[in-house]
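Data first, discussion second: the structure below is written as structure tokens.
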């Protein structure tokens, strides 16, 4: 009888350790994705008037999850003159402007019941490094084709049609 109790006790210990290990793995996965998912208190599709006269700098660019579900970050080097990618909302709530790190851009803000979009995007055409030009082209594409914007205090997430998440932090003008 004591053998059965000892065997049951060791089996219970193994199950508890396995549960603890799986819990830690699950928690670490959730923690690693936390920077991608907005918190429940975040405001999805805020009206553009809440963003008037604000400046946002790109600090992280998450690529869509790969086949194993891993979220990878895209490198976002500063521009040739150490210019970051940034978006500035004007005081009237009608336009944005900013920098791709190489060129300047501007766009019109159009708002409806679902949120706002950027139209008539135009940019200067200075030549930069090939890597920077590719990053600029991808950024302008995401700007035109994003699916939602989420604001959480001084963080702004732009979620793309293909699952890319661009994370901006608010900076003073």
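Miscellaneous remarks
- Taken along the Cα-to-beta-carbon direction at a fixed 7 Å, the label points for residue 113 and residue 44 span 1.6 nm.
- Once C-alpha pairs closer than 8 Å and six or more residues apart are averaged by separation and normalised to the residue number of the range 43-171, the relative contact order reads 29 percent.
- Taking the inverse of the mean reciprocal distance over all distinct Cα pairs, the Kirkwood hydrodynamic radius of the range 43-171 comes to 14.9 Å.
- Hull volume per residue, based on the alpha-carbon atoms of the range 83-145 and their convex hull, is 77 Å³.
Only the coordinates and a few stated rules stand behind these numbers; no lab work does. Just so you know, these numbers come straight off a predicted model, no measurement behind them. Heads up, the Cβs are rebuilt from the backbone with ideal geometry, glycines too, and the neighbour counts pull from every protein chain shown.
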